[in-house]
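Visitor: The structure under discussion is supplied below as structure tokens; questions concerning it will follow.
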Amino acid sequence: QVQLVESGGGLVQPGGSLRLSCAASGSTSSINTMGWYRQAPGKERELVAMVTRGGSANYADSVTGRFTISMDNTKNTVYLQMSSLKAEDTAVYLCNAQRYIATLNRYLAVWGQGTLVTVSS
């Protein structure tokens with residue numbers, strides 16, 4: 001169907017930058033929106049950013065001005081450019097894709113495996 005493969009996580013110092021990538025494969029034509037969520041230990045999963053195929057993006061208030069999300073339609077890949085990173089940004093970041101299944105008139109969420117981002121000095 002649709003598979004999501006994430007990459008780019010790792011260790012970065014406070015104030016540093018990191019870029020995450022999420023490549024989609026399979027029935028990618030059914031995807032209308034992609035985004036990034038994150039989950040820290042003991043915390044609930046939260047939406048970080050999302051973007052449509054048309055390039056319309058939305059961000060959580062906590063990352064606005066620091067993170068940038070973009071989608072490459074030809075590569076079926078979404079990116080999250082993270083700058084001015086803080087310790088509070090430490091979390092497992094999960095890629096998400098929203099699919100529209102026309103035969104069911106239903107939306108379906110697809111999740112990646114997650115990539116760990118650690119912000120520490």
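The values are calculated or read from the model by the stated rules, or taken from the named source; none is laboratory data. On a predicted model such as this, the values are computed, not experimentally measured, just so you know. Note that we place each Cβ from the backbone using ideal geometry, even for glycine, and neighbour counts take in every protein chain shown. Surface accessibility is based on the protein's heavy atoms, side chains included, excluding ligands, DNA and RNA. Shrake-Rupley method; radii C 1.70, N 1.55, O 1.52, S 1.80 Å.
Visitor: Look through the range 112-121, keep the residues that are at negative phi and not in a strand (DSSP E or B), and return whichever of them is least open to solvent (accessible area, probe 1.4 Å).
Guide: That would be Gly112.
Visitor: If you check Ala91, Ala109, Ala60, Ala23, which single one turns out to be closer than 23 Å to Gln1 by Cα and either touching a residue at least 24 places away in the same chain (Cβ under 8 Å) or surrounded by 14 or more Cβ atoms within 10 Å (Cβ to Cβ) (or both)?
Guide: Unique residue meeting the criteria: Ala23.
Visitor: Please go through (1) under 24 Å from Ser29 (Cα atoms); (2) part of a strand (DSSP E or B); (3) open to solvent by less than 70 Å² (accessible area, probe 1.4 Å) for Thr68 and return the number of the only condition it doesn't satisfy.
Guide: The single condition Thr68 does not satisfy is (3).
Visitor: Also: Taking the residues in the range 14-42 that are at pLDDT 95 or above and part of a loop (DSSP other than H, G, I, E, B) as candidates, determine which candidate is nearest to Ser120 (Cα to Cα).
Guide: Only one residue tops the list, namely Pro14.
Table: residues versus (1) surrounded by 19 or more Cβ atoms within 10 Å (Cβ to Cβ); (2) in contact (Cβ under 8 Å) with a residue 60 or more places away in the chain.
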| site | (1), (2) |
| --- | --- |
| Ser17 | no, yes |
| Gly35 | yes, yes |
| Thr74 | no, no |
| Leu80 | yes, yes |
| Thr103 | no, no |
